[in-house]
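Accompanying notes for the structure given below.
Just so it is clear, none of the values below were taken in a lab; they were calculated from the coordinates. Please read all numbers here as calculations on a predicted model, not as lab measurements. Here the Cβ is made from the backbone with ideal geometry for all residues, glycine too, and neighbour counts use every protein chain on show.
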Amino acid sequence: MRRVHQPLPSAGAAYLDARGDGRAMRVSWHAEAEVVVLSLWRDNVCTGTFQLALEDVPGLVDLLAARYADAPDERAVYPPDTEPIRQVRGSA
C-alpha cells in the first residue's frame, strides 16, 4: 500500500536526495512513541519507513558526525573502529 503525502509533524525536517528525481528523506520525531521515523519519499509518495528507537539516536548521530569530520578522505567508508553493518540492540 502506498502512502500519499502527509504534512510533516512540527518536530521534523525534509532532506532532498542528491540524485534528484523527486527523492527525499523525511525525519520526524515522535517522543510519545519513543522513536524517530525516517521515511523515504518519491515525489509526494512515501515508499518506506524506518523507526529508530530514541535510545539509538546518539549512536547514529555520532557515526554521522565522525564520517562528516572525515569527509575529505574518501578512501575510508567507516571510522576504523566501526564495522560496516553491526547490530545495535538485541541479539542475532
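Spin-label model, His30/Val45: points 7 Å from Cα along the beta carbon direction are separated by 2.2 nm.
Once both labels are positioned 7 Å from their Cα atoms along Cα-to-Cβ, the gap between Arg23 and Asp70 label points is 2.3 nm. Computed from label points 7 Å out along Cα-Cβ, the spacing between Val61 and Tyr15 is 1.4 nm.
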